[in-house]
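S.K.: Below is one structure. I have some questions about it.
The values are calculated or read from the model by the stated rules, or taken from the named source; none is laboratory data. Small disclaimer: the values here were computed from a predicted structure and weren't measured. Cβ: placed from backbone, ideal geometry, glycine included. Neighbour counts: every protein chain shown.
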Amino acid sequence: MYYLSGKEYDEIVKEVINLYEDYVLNSFPIDVKALATAMGFVLKPYSSLQKEERGFLLQKEETKNGFHVCDISKGYPKYTICYNDLDQEPRWRHTIAHEIGHIVLKHGSNPTKSQEAAADYFAKQLLALSCIIIEMGLGSVEEIVYRFNISWESAFYTYKSIMKRREKFGDSIMDYEKEFIEWIRRWLPS
Ligand SMILES: [Zn+2]
């Protein structure tokens, strides 16, 4: 497991919050495919590929879950996210979110280990934002799994990081989350 600095984690959360506000992500689980499409990205599921091509991608560690490509032939970047939709839904939701992370965080085509860790954290937060979990008062891994349609592994990681955050800061909201929490509260059941 590769760790980032506290500042890097905060910067990623800020990027995720921007997406929530810009694309009005206000119901959960979020529709990550609709988000990618709204951002102008083309989605290509592995089930749409030829058998040989799919087999080739599934064999390789770097492409077995998914990847993205950037086409600049028209003078502007056009992104395509390819994802293994033959995997379970929480997995491919994470894959699409992870690739969105690489694009938003401007990682380029050859991401480093720390950029992979950043895209993973981005994906986890995009699908189940810590401050929303706290605001909703969800108190178990199970509740997080069902509310956000994510894997148990992801939910466990996020749950643990919220516990750590509680130990350090209690249930207080970070400065950069304040406005966002006010905004999201309008849509959350009270
Ligand atoms: Zn990646």
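S.K.: Which count do you get for residues in region 90-108 that are in contact with a helix residue (DSSP H, G or I) (Cβ under 7 Å, 6 or more places away or on another chain) and free of Cβ contacts under 8 Å to residues at least 12 places away in the same chain?
M.R.: First, the residues of region 90-108 that are in contact with a helix residue (DSSP H, G or I) (Cβ under 7 Å, 6 or more places away or on another chain): 93-94, 96-98, 100-102, 104-105, 107.
Imposing the further condition that a residue be free of Cβ contacts under 8 Å to residues at least 12 places away in the same chain reduces the set to none.
Of the residues in region 90-108, 0 are in contact with a helix residue (DSSP H, G or I) (Cβ under 7 Å, 6 or more places away or on another chain) and free of Cβ contacts under 8 Å to residues at least 12 places away in the same chain.
S.K.: Which members of region 109-140 meet the condition of being of a type in the set (A, V, I, L, M), away from the ligand (no atom under 16 Å from the Cβ) and in contact (Cβ under 8 Å) with a residue 12 or more places away in the chain?
M.R.: Filtering region 109-140 for residues of a type in the set (A, V, I, L, M) gives 117-119, 123, 126-129, 132-134, 136, 138.
Checking the rest, the ones that are also away from the ligand (no atom under 16 Å from the Cβ) come to 128-129, 132-134, 136, 138.
Of everything in region 109-140, those that are of a type in the set (A, V, I, L, M), away from the ligand (no atom under 16 Å from the Cβ) and in contact (Cβ under 8 Å) with a residue 12 or more places away in the chain turn out to be Ala128, Leu129, Ile132, Ile133, Ile134, Met136.
S.K.: Scanning region 147-164 for residues that are in a helix (DSSP H, G or I) and touching a residue at least 40 places away in the same chain (Cβ under 8 Å), which turns out nearest to Val32 (Cα to Cα)?
M.R.: First pass over region 147-164, keeping only residues in a helix (DSSP H, G or I): 147-148, 152-164.
Subset that is touching a residue at least 40 places away in the same chain (Cβ under 8 Å): 147-148, 154.
Details: Arg147: 14, Phe148: 11, Ser154: 16 Å.
Per the criteria, the residue is Phe148.
S.K.: Moving on. If we only count helices (runs of 4 or more DSSP H) wholly inside region 1-85, which ones have 1 or more residues that are under 13 Å from Ala97 (Cα atoms), among the polar types (S, T, N, Q) and at pLDDT 95 or above?
M.R.: Numbers: elements: 6-22, 32-38, 51-59.
In region 1-85, the matching helices (runs of 4 or more DSSP H) lie at 32-38.
S.K.: Filter region 11-34 for residues that are of a type outside the set (A, V, I, L, M) and within 12 Å of Phe122 (Cβ to Cβ) and give the result. Don't jump to the end; show me each part of the working.
M.R.: Step one: of region 11-34, the residues of a type outside the set (A, V, I, L, M) are 11, 14-15, 18, 20-23, 26-29, 31, 33.
Residues satisfying the conditions are Glu11, Lys14, Glu15, Asn18.
S.K.: If the requirement is being assigned to a helix (DSSP H, G or I), modelled with pLDDT under 95 and of a type in the set (A, V, I, L, M), which of these qualifies: Ile184, Ile144? Walk me through it before giving the result.
M.R.: Working: Ile144 fails: modelled with pLDDT under 95.
After ruling out the rest, the residue left standing is Ile184.
S.K.: For Leu138, which of the numbered conditions (1) farther than 22 Å from His68 by Cα; (2) under 20 Å from the mean Cα position of the chain (by Cα); (3) outside any loop (DSSP other than H, G, I, E, B) fails to hold?
M.R.: Exception for Leu138: condition (3).
S.K.: Next question, about the same structure. Name the single residue, out of those in region 72-85 being β-branched (Val, Ile, Thr) and surrounded by 12 or more Cβ atoms within 10 Å (Cβ to Cβ), that is farthest from the ligand (Cβ to nearest atom). Can you show your working first?
M.R.: Restricting attention to region 72-85, the residues satisfying the condition of being β-branched (Val, Ile, Thr) are 72, 80-81.
Restricting the remaining residues to those that are surrounded by 12 or more Cβ atoms within 10 Å (Cβ to Cβ) gives 80-81.
Details: Thr80: 15, Ile81: 11 Å.
It comes out as Thr80.
S.K.: In addition: Considering only residues of region 86-108 that are assigned to a loop (DSSP other than H, G, I, E, B) and closer than 21 Å to Glu11 by Cα, which is farthest from the ligand (Cβ to nearest atom)? Talk me through it step by step, then tell me what you get.
M.R.: Residues of region 86-108 assigned to a loop (DSSP other than H, G, I, E, B): 86-88, 105-108.
Still in the running and closer than 21 Å to Glu11 by Cα: 105-108.
Working: Leu105: 10, Lys106: 13, His107: 8, Gly108: 11 Å.
Of everything passing the filter in region 86-108, Lys106 is farthest from the ligand (Cβ to nearest atom).
S.K.: Here is a follow-up. Return a yes/no flag: does region 24-43 have any residue that is touching a Ser or Thr at 6+ places or on another chain (Cβ under 8 Å) and surrounded by 15 or more Cβ atoms within 10 Å (Cβ to Cβ).
M.R.: Keep residues of region 24-43 that are touching a Ser or Thr at 6+ places or on another chain (Cβ under 8 Å), which gives 41-43.
Applying the additional criterion that residues be surrounded by 15 or more Cβ atoms within 10 Å (Cβ to Cβ) yields 41, 43.
Scanning region 24-43 turns up at least one residue that is touching a Ser or Thr at 6+ places or on another chain (Cβ under 8 Å) and surrounded by 15 or more Cβ atoms within 10 Å (Cβ to Cβ).
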